[in-house]
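What follows is a short report on a single structure.
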Amino acid sequence: MVFNKWYKISLIFLIFISSIGLIYYFNLSNRHKAIVKTRALHFLNIIDSKWEKTLSNEQLKFESPSLLIDGIYKSMEGPKAMNYFNLDKTNNPLFYMTGFKVKAKHTKSGLPLSNDFICHMNIDYIEQEHHGRWNLLNRINTQYPRLISISHGIESVNFPNGFGIPFFGNETFFMTTQSLNHNVKDSIFQIKHDISINYNNNETNKPLMPKTIFMMLPFDIYNPGVINESFDNSCIPVETKNHTYINEKGQAMSGHWTLFKGETT
């Protein structure tokens, strides 16, 4: 009797918690639903959650975990995967990154897919480690620690010969790759991103310093989904929880915004 009583209480509690979780999930934005869903699928190993890393011919290659495409995912909304990495934990010499590339492929067949399924791939450096190795601690927090960003439409970048971003073999970096789907509404499938980083140890290379440039447009922070005609060149943000800033005049500015048809300056 006691067992049956606790069984019923546990079952009611489980149903209650599950209901709260479902209510919470279905009230999330599409972007945050993708985050929760992807983490759950990877944690439970329902889809492949592993990053594969290979080294060959001065090229560092990664195969991302699987990303489930089950609906429309606009810019910054799709399933994504994140990974800390280095070239070689036991190797400390100086190298130079010279090129970056990301490609989409089907998980099961391994066949190439349209790069329309790539939102972006970012590589960030760890400020304390990166600047500390060069004894340039005064550069910490002076800019966003983005080493490279490759977005839909520009899926590869190669620096001119003789130029590269200096790094140490065992230096730690942080990678994020995110999916995109503007067109396929009626299919459910898994994709992966193949990422490659070209490097060399040519001592004659000229070092490059990454600089971050944002193009931001004003919007009405109280009505972010409505165009406010009182602002020139107004926009509707893709979302307001990330990359929203207040300028020196108190105007809300968004780094993620919608382009409308017609000519805009």
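The values are calculated or read from the model by the stated rules, or taken from the named source; none is laboratory data. On a predicted model such as this, the values are computed, not experimentally measured, just so you know. Cβ placement follows ideal geometry from the backbone for every residue including glycine, while neighbour counts extend to all protein chains displayed. Keep in mind that these areas ignore ligands, DNA and RNA; they rest on the heavy atoms of the full protein, side chains included. Shrake-Rupley method; radii C 1.70, N 1.55, O 1.52, S 1.80 Å.
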Whole-Hz ³J(HN,Hα) for each residue in region 84-100, computed from phi via Karplus 6.51 cos²θ - 1.76 cosθ + 1.60 with θ = phi - 60°, x for glycine and proline: what do you get?
8, 8, 8, 5, 7, 4, 9, 10, 10, x, 7, 10, 10, 7, 10, x, 9
Among the lysines, which fall within straight-line cross-link reach of Lys249, defined as a Cα-Cα distance under 22 Å, with same-chain neighbours fewer than 8 residues apart omitted?
Lys241
Given that just one value was derived from the coordinates, which of [x] 56, 43, 34; [y] 78, 55, 40; [z] 64, 55, 30 is Cα extents along the principal axes in Å?
[y]
Can you count the Lys pairs in region 7-136 whose Cα atoms are under 12 Å apart, with each pair 8 or more apart or on different chains?
5
Highest to lowest packing among 219-227, 243-251, scored as the average C-beta count within 10 Å
219-227, 243-251
What ranking do 21-31, 112-122, 145-155 get when scored by the average of other Cβ atoms within 10 Å per residue, highest first?
112-122, 145-155, 21-31
For region 1-137, what value does the Rg/Rh ratio take when both radii are computed over Cα atoms and Rh is the Kirkwood radius, given to two decimals?
1.12
How large is the accessible surface per residue of the chain, computed with a 1.4 Å probe and reported in Å² as a whole number?
63
Determine the sum of side-chain charges near Ser29: Lys and Arg each +1, Asp and Glu each -1, restricted to other residues whose C-beta is under 9 angstrom from that of Ser29.
+1
